[in-house]
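First up is the structure itself, then whatever we jot down about it.
The values are calculated or read from the model by the stated rules, or taken from the named source; none is laboratory data. Since we're looking at a predicted model, the values are computed, not measured. Cβ coordinates were reconstructed from backbone atoms using ideal geometry, including for glycine residues, and neighbour counts include every protein chain displayed. Heads up: the accessible areas ignore ligands, DNA and RNA and are worked out on the full protein's heavy atoms, side chains in. Shrake-Rupley method; radii C 1.70, N 1.55, O 1.52, S 1.80 Å.
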Amino acid sequence: MAKTRTRYVCQVCGQVSPQWMGKCPSCDAWSSLVEEVAPTPVKARVGRAVGAEGGRRPAALSEVRLGEETRLRTGVSEFDRVMGGGIMSGSVTLVAGDPGIGKSTLMTELGKHLPERRLLYVTGEESPRQVKLRARRLGVDGDAFFLFPETNVEAILAAARETEPDLMIVDSIQTLFRPDLESAPGSVSQVRESAASLIHLAKQIDLPVFLVGHVTKDGAIAGPRVLEHMVDTVLYLEGDRHHAYRILRAVKNRFGSTNEIGVFEMRTGGLAEVINPSAIFLSQRAYGVSGSTVVCALEGTRPLLVEIQALVTPSSYASPQRTATGFDNRRLQMLLAVLEKREGLRLASHDVFVNVAGGVRLTEPAVDLGILVAVASSFHDVPTDTGTALIGEVGLGGEVRTVGRIEARLKETAKLGFERALAPEHNLKGIDLPDGLAVTGVARLHAALELML
Ligand code: TYD
Ligand code: MG
């Protein structure tokens with residue numbers, strides 16, 4: 001194979017250099033030069049592309065043929081929903097997560113749910129024996145599941161063209177290398193260029209590809225951030241290793257909505273889908289204890305009821321601690337400031353801990369009201385009514401602001417047996433309220449606190 005030209009590009013200022021240097025000669029940044037494959041000169045490309053049938057030229061929208069949108073459904077509703085309704089043909093999905101969280105398990109199980117499909121499992125980390133043992137444990141078998149222990153991208157591309165699978169899984173992207181690059185597997189340039197080759201293949205032969213990726217300690221996908229921009233879909237498999245629940249979250253999806261989540265339980269026989277996660281997240285609720293509330297959050301398209309726990313204790317430090325688990329820390333600080341200013345709670349001498357129970361991470365402001373009531377409940381050491389769920393964003397003025405899809409949230413709240421919900425007053429005009437649920441509209445945080453404490 002002809003040696004591809006490589007070059008080194010500064011990730012800070014874009015300076016291109018033919019050789020690696022510790023310090024960028026242009027912007028003086030250290031260790032900023034990263035190897036990449038030099039693009040093919042434009043002249044060579046033009047000759048091939050213009051004129052020929054299917055060659056590239058601007059086309060009117062009406063000329064673009066859509067073809068059939070084919071999605072591969074696995075039948076696992078938690079997975080299909082996160083994927084936006086199934087696996088899109090020619091799509092590239094990055095499945096990221098901590099080591100040992102269950103990425104390989106999730107991927108191997110695709111073989112069980114798609115027994116008719118030809119599946120190529122490229123393994124760069126484990127031996128075929130290890131994969132086989134896992135597959136057997138998961139009840140995956142058959143002539144359609146092909147194993148390929150390989151890390152050389154060229155060989156993987158060749159195998160994919162030869163095997164003609166319906167689906168390809170690469171476990172993991174960090175182990176791959178392109179022989180035309182000098183840097184080691186796992187380096188920024190290798191991960192990026194290897195992914196680029198696989199993405200190119202996926203689009204060319206319409207092959208759905210899953211790339212498994214590890215995340216670093218601070219939660220980012222190891223390797224370049226740019227990987228997230230290159231692929232169509234980014235899924236995170238999250239969860240506490242000490243708990244059985246795993247949450248599959250779409251943080252990016254070109255073919256579906258983001259923030260969609262699927263909930264699974266890790267069992268001895270693999271990942272089982274959890275159809276009613278709210279019931280599980282609420283099953284271990286602390287009753288009659290101060291600092292506990294229930295919120296109805298919307299994760300993607302699905303309303304989810306989760307317990308919020310807050311603990312407010314006198315601080316022994318000059319600067320008190322504010323710690324949120326499963327919620328944005330900075331938003332918590334802002335909300336606490338609202339509580340101090342608008343409600344006169346003297347939190348400056350107290351540590352505040354907020355925890356979203358069940359290992360869920362909440363990303364939307366509609367849970368503000370529940371968090372503030374939980375904090376106030378712990379501060380005054382007064383338990384709240386356990387049959388009430390809270391919905392509402394809280395603004396800096398202490399006003400309760402409207403949230404999206406209130407009807408779906410109230411319906412789910414009623415379904416789980418709650419008797420009452422506090423919701424933004426402005427949300428309630430002209431909507432259908434579910435049977436059996438008393439909904440009280442609140443316009444101010446103060447009103448919610450009076451009702452709850
Ligand atoms: P794995 O899929 O290998 O994780 P990753 O690829 O993300 O590193 O899963 C590892 C853990 O899952 C391991 O601790 C064992 C557990 N496990 C089960 O509990 N049940 C099963 O059926 C399987 C296959 C694994
Ligand atoms: Mg693995």
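Return the residues of the range 73-101 that are open to solvent by 10 Å² or more (accessible area, probe 1.4 Å) and of a type in the set (G, A, S); say none if nothing qualifies.
Of everything in the range 73-101, those that are open to solvent by 10 Å² or more (accessible area, probe 1.4 Å) and of a type in the set (G, A, S) turn out to be G75, S77, G84, G85, S89, G100.
Might you let me know whether the range 380-390 holds any residue that is closer than 26 Å to G84 by Cα and open to solvent by less than 70 Å² (accessible area, probe 1.4 Å)?
No, the range 380-390 contains no residue that is closer than 26 Å to G84 by Cα and open to solvent by less than 70 Å² (accessible area, probe 1.4 Å).
Out of all the residues in the range 348-369, which are aliphatic (A, V, I, L, M) and in contact with a strand residue (DSSP E or B) (Cβ under 7 Å, 6 or more places away or on another chain)?
Once the filter is applied, which keeps residues that are aliphatic (A, V, I, L, M) and in contact with a strand residue (DSSP E or B) (Cβ under 7 Å, 6 or more places away or on another chain), the range 348-369 yields V352, V354, V356, A357, V360, L362, A366, V367, L369.
Is it the case, given these coordinates, that A59 is farther than 16 Å from L248 by Cβ, aliphatic (A, V, I, L, M) and assigned to a helix (DSSP H, G or I)?
no
Output the residues belonging to the range 224-247 that are hydroxyl-bearing (S, T, Y), open to solvent by less than 50 Å² (accessible area, probe 1.4 Å) and more than 16 Å from ligand 2 (Cβ to nearest atom).
T233
Yes or no: D368 crowded, with 16+ Cβ neighbours inside 10 Å, touching a residue at least 12 places away in the same chain (Cβ under 8 Å), acidic (D, E) and in a strand (DSSP E or B)?
no
Check whether at least one residue in the range 327-349 is open to solvent by less than 50 Å² (accessible area, probe 1.4 Å), small (G, A, S) and either in contact (Cβ under 8 Å) with a residue 24 or more places away in the chain or not assigned by TED's automatic domain parsing to the domain that holds G392 (or both), and report yes or no.
No, the range 327-349 contains no residue that is open to solvent by less than 50 Å² (accessible area, probe 1.4 Å), small (G, A, S) and either in contact (Cβ under 8 Å) with a residue 24 or more places away in the chain or not assigned by TED's automatic domain parsing to the domain that holds G392 (or both).
Scan the range 79-107 for residues that are within 20 Å of V251 (Cβ to Cβ) and either without any contact (Cβ under 8 Å) to a residue 24 or more places away in the chain or away from ligand 1 (no atom under 16 Å from the Cβ) (or both) and jot them down.
D80, R81, V82, M83, G84, G85, G86, I87, M88, S91, V92
Of the conditions (1) touching a residue at least 24 places away in the same chain (Cβ under 8 Å); (2) in a helix (DSSP H, G or I), G139 satisfies every one except a single condition; which number is it?
Exception for G139: condition (2).
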